[in-house]
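The values are calculated or read from the model by the stated rules, or taken from the named source; none is laboratory data. Given the structure is predicted, the values throughout are model-derived calculations rather than measurements. All Cβ positions, glycine included, derive from the backbone under ideal geometry; neighbour counts span all protein chains shown.
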Amino acid sequence: MGRARFADDLAVPRGTLHAAIVRSPHAHAEILSIDPARALAMPGIECVVTGRRRQELDPPVRYAGEPVPVILASDRYRAEDAASAIEVDYDVLPPVAD
């Protein structure tokens, strides 16, 4: 009937931050370091959430595509640009297939 509403149809309140997620390209790896400095220097970037506490509890990356850091920015495009500026150093481990 044309009356359905979807999330993209709703207005975004002023001040809403947009997120971009950097995902692991590795099937199994340990995160050695995450350097958010370049991303944090970009305009409109509010914060980079690296999950250091999460790493302490569960250090290895367990699957390709696992979220590593999350970037919060004033708009979607700035968040995505900042995500590409994040440097993550991995120690790639053999994948576990069993």
Fill in the blank from the handout: Scanning the range 1-23 residue by residue, those among the small types (Gly, Ala, Ser) and either more than 22 Å from Ala82 (Cβ to Cβ) or assigned to a helix (DSSP H, G or I) (or both) turn out to be Gly2, Ala4, Ala7, Ala11
Exercise for the section: Would you mind finding the one in Tyr63, Tyr77 that is assigned to a helix (DSSP H, G or I), more than 11 Å from the chain's Cα centre (by Cα) and among the hydroxyl-bearing types (Ser, Thr, Tyr)? Expected result: Tyr77
Problem - Identity of the residue in the range 80-98, assigned to a loop (DSSP other than H, G, I, E, B) and modelled with pLDDT of 90 or more, that ends up surrounded by the most Cβ atoms within 10 Å (Cβ to Cβ) - result: Ile86
Exercise for the section: Quick one: Val61 ticks every box in (1) over 22 Å from Gly15 (Cβ atoms); (2) at pLDDT 95 or above except a single one, so which number is it? Expected result: (2)
Completion exercise
Selection over the range 1-24 where residues are farther than 23 Å from Gly65 by Cβ and of a type in the set (Gly, Ala, Ser) yields a count of 4
Practice task
Consider only pairs whose beta carbons are under 6 Å apart and that are at least six residues apart or on different chains; among these, list those whose first residue lies in the range 31-45 and is touching a residue at least 40 places away in the same chain (Cβ under 8 Å) and surrounded by 14 or more Cβ atoms within 10 Å (Cβ to Cβ) and whose second residue is acidic (Asp, Glu) and assigned to a strand (DSSP E or B).
Solution key: Asp35/Glu87
Practice task
State the number of residues belonging to the range 24-48 that are within 15 Å of the chain's Cα centre (by Cα), in a strand (DSSP E or B) and either more than 14 Å from Ala79 (Cα to Cα) or at pLDDT below 90 (or both).
Solution key: 4
